[in-house]
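J.: The following block contains the structure, expressed as structure tokens.
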Amino acid sequence: MRLILVRHSETFGNVEKRFNGITESALTEKGKLMQKQVLEHLENINKIFPINKIFSSPSKRALHAAEKFSNTTGIDLEVVNELIEYNFGIFDGLSFKEARDVNSNLLDKWLDNSIEMALPNGESFKDKTIRVSNWVKSILSKNYETVIVFTHGATFRSILMELLELPLEQAWHFNVGLGSFCIINYENNYGVLEEFINPNFKF
């Protein structure tokens with residue numbers, strides 16, 4: 001099976017450097033231009049590797065691109081709750097400064113151990129990866145040849161760690177930029193990263 005992972009384009013939350021996990025954040029005008037160019041790349045990939053199914057996070061910043069791609073290509077789209085972004089709990093939607101104002105000590109403790117530690121009302125990166133990995137395993141059991149997944153930075157990394165069998169500590173060795181995408185070939189229980197693209201956007 002071939003899996004294409006796609007991170008959403010620039011949002012106001014990204015520009016404002018907010019902990020935008022489950023909190024909605026609209027695309028900026030720049031983000032809309034990025035999305036258009038990403039979709040053009042993906043349409044070309046679809047001509048080479050025909051895509052059988054589209055999966056998307058329910059968050060609008062990812063879902064909007066998935067819907068456009070589905071409408072253009074006619075490929076079936078399924079919204080998957082497990083693909084939603086990392087839940088930052090009480091800091092979700094806040095800027096770094098706002099989070100520090102809420103609880104500076106808690107922020108520092110979490111930054112030192114975000115893999116294992118969950119913020120109040122949130123989840124740890126480990127728990128989030130387990131959530132995503134269970135869904136990935138269910139997809140690998142099906143007979144798709146190529147699927148595409150529209151999602152978020154941390155979710156993108158969680159899927160990479162699962163498919164490439166890497167420890168979670170290595171997740172941030174990958175530069176998963178806004179609008180980036182990758183292609184992973186998974187055969188005989190072994191994942192190979194075939195291509196990783198951070199597009200050279202033109203504005």
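The values are calculated or read from the model by the stated rules, or taken from the named source; none is laboratory data. Predicted, not measured: the structure shown is a model, and the values here were computed from it. Positions of Cβ are backbone-derived with ideal geometry, glycine not excepted, and every protein chain shown enters the neighbour counts.
J.: List, please: which pairs have Cβ atoms under 6 Å, are six or more places apart or on different chains, and start with a residue in segment 170-182 that is in contact (Cβ under 8 Å) with a residue 60 or more places away in the chain and end with one that is part of a loop (DSSP other than H, G, I, E, B) and surrounded by 12 or more Cβ atoms within 10 Å (Cβ to Cβ)?
T.: Final answer for the pair search is G177/N198; L178/S9; L178/E10; G179/S9; G179/P199; S180/N198.
J.: Something else now. Return the total of residues in segment 1-18 being within 23 Å of I159 (Cβ to Cβ) and either β-branched (V, I, T) or within 14 Å of the chain's Cα centre (by Cα) (or both).
T.: Result for segment 1-18: 10.
A quick yes/no check of all residues on (1) assigned to a helix (DSSP H, G or I); (2) in contact (Cβ under 8 Å) with a residue 12 or more places away in the chain:
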site: N105; (1), (2): yes, no
site: A118; (1), (2): no, yes
site: N121; (1), (2): no, yes
site: I130; (1), (2): yes, no
site: S133; (1), (2): yes, yes
site: N143; (1), (2): no, no
site: A154; (1), (2): yes, yes
site: L166; (1), (2): no, no
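J.: Can you name every residue in segment 5-36 that is in contact (Cβ under 8 Å) with a residue 40 or more places away in the chain and charged (D, E, K, R)?
T.: Within segment 5-36, R7, E10, E16, K17, R18, K30 meet the criteria.
J.: Name the pairs whose Cβ atoms lie under 7 Å apart, with the first residue in segment 75-100 and touching a residue at least 60 places away in the same chain (Cβ under 8 Å), the second among the acidic types (D, E) and surrounded by fewer than 18 Cβ atoms within 10 Å (Cβ to Cβ), and 6 or more positions between them or separate chains?
T.: Hits for this filter: S95/E16.
J.: Separate question: Name the single residue that is farthest from V6 (Cα to Cα) among those in segment 146-185 being touching a helix residue (DSSP H, G or I) at 6+ places or on another chain (Cβ under 9 Å) and of a type in the set (D, E, K, R).
T.: E162
J.: I'd like to check something: does segment 137-145 contain any residue that is at pLDDT 95 or above, of a type in the set (V, I, T) and either more than 17 Å from the chain's Cα centre (by Cα) or buried (at least 19 other Cβ atoms within 10 Å of the Cβ) (or both)?
T.: No, segment 137-145 contains no residue that is at pLDDT 95 or above, of a type in the set (V, I, T) and either more than 17 Å from the chain's Cα centre (by Cα) or buried (at least 19 other Cβ atoms within 10 Å of the Cβ) (or both).
J.: Quick one: is E24 closer than 19 Å to L83 by Cα, among the acidic types (D, E) and crowded, with 16+ Cβ neighbours inside 10 Å?
T.: Numbers: closer than 19 Å to L83 by Cα: yes; among the acidic types (D, E): yes; crowded, with 16+ Cβ neighbours inside 10 Å: no.
So E24 does not fit the description; no.
J.: Can you tell me how many residues within segment 37-65 are among the charged types (D, E, K, R) and either under 16 Å from T11 (Cβ atoms) or touching a residue at least 40 places away in the same chain (Cβ under 8 Å) (or both)?
T.: So the answer is 3.
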